[in-house]
Amino acid sequence: MDARFDMFANEIAVKFAKRFANAGLVIHQSSLPRSTQELVSLRASQINGCGWCIDMHTKEAAAAGETAVRLHLVAAWRESTVFSEAEQAALAFAEEGTRLADAHEGVSDETWAAVRKHYDDDQIAALVALVALINAANRLAVIVHQRGGSYEPGMFAAALG
């Protein structure tokens, strides 16, 4: 199935994408570890079934030095030994923040406490913003059927110039 709409060929969509990318730049430049950012983005994208974002974040993470083993195990992070306690807290936060309709409380107090244990206020602000932003990106890509498979590391940044 082809994409329904080319978000990079429409003036309004490109203007929006540039502003969206600038919001992402704030997170990217934060003290939240880059590997955590990519793992969280990948996990939320898996939950939301966003092939474009899974493709992007897998390749960006690999280009930044993430191992194939860890990337392959993100979907089953609870059943693996390759993630730190801090990363596990961030992945739980990503899941609960993505699956808001599955629980009346959203992010549980237990998960929030684990995040507070491992991250400072600036990192938490970045993590909250990241979960919101990746969920919005997933929805944009899924709505227009932006397919995964053709992404190359750095492509998104280059497209927005």
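The values are calculated or read from the model by the stated rules, or taken from the named source; none is laboratory data. Note that the coordinates shown come from a computational prediction; the quantities given were computed from them, not determined experimentally. Note that each Cβ is placed from the backbone with ideal geometry, even for glycine, and that neighbours are counted across all protein chains shown. In case anyone asks, the SASA skips ligands and DNA or RNA and just uses the protein heavy atoms, side chains included. Shrake-Rupley method; radii C 1.70, N 1.55, O 1.52, S 1.80 Å.
Globularity index of segment 104-161 is 1.52 (Cα radius of gyration / 2.2 N^0.38 Å, N = number of residues).
Against the main long axis of the alpha-carbon atoms of the chain, helix 121-143 sits at an angle near 40°.
Distance distribution P(r), segment 41-103, all Cα-Cα pairs, bin width 5 angstrom from 0: 4, 18, 28, 28, 17, 4, 1, 0 percent. The Cβ shell under 15 Å around Ile124 holds other residues with a net charge of -4, Lys and Arg each +1, Asp and Glu each -1. Note on the chain: with a GNM built from Cα contacts shorter than 10 Å, the maximum mean-square fluctuation among Val14, Val40, Val115 falls on Val14. What do you get for the angle between helix 85-98 and the principal long axis of the chain? Use alpha-carbon atoms, 0 to 90 degrees, nearest ten. Relative to the chain, helix 85-98 is tipped by roughly 60 degrees.
For segment 52-149, the fraction of 1.4 Å probe accessible surface lying on carbon and sulfur atoms is 57 percent.
Using a Gaussian network model of the chain whose springs link C-alpha atoms within less than 10 Å, name the residue from Glu79, Glu95, Glu38 with the highest mean-square fluctuation. Residue with maximal mean-square fluctuation among Glu79, Glu95, Glu38: Glu79.
Direction-averaged projected area, Cα convex hull, segment 97-137: 3.0 nm², rounded to one decimal.
Relative to the globular-protein estimate of 2.2 N^0.38 Å, the Cα radius of gyration of segment 51-161 stands at 1.14. Rounded to two decimals, the Cα-based Rg/Rh of segment 1-90, with Kirkwood Rh, is 1.02. Which one of His104, His118, His145 has the biggest mean-square fluctuation once the chain is modelled by GNM with Cα springs under 10 Å? Residue with maximal mean-square fluctuation among His104, His118, His145: His104. The mean sequence separation of alpha-carbon pairs under 8 Å and at least six residues apart, normalised by the residue count of the chain, gives a relative contact order of 40 percent. The separation of segment 115-161 from segment 1-30, counted between C-alpha centres, amounts to 11 Å. Report, to the nearest 10°, how far helix 11-28 tilts away from the longest principal axis of the Cα atoms in the chain, using its own Cα long axis and a range of 0 to 90°. Approximately 30 degrees, to the nearest ten.
Accessible area per residue for the chain, computed on protein heavy atoms with a 1.4 Å probe, is 54 Å².
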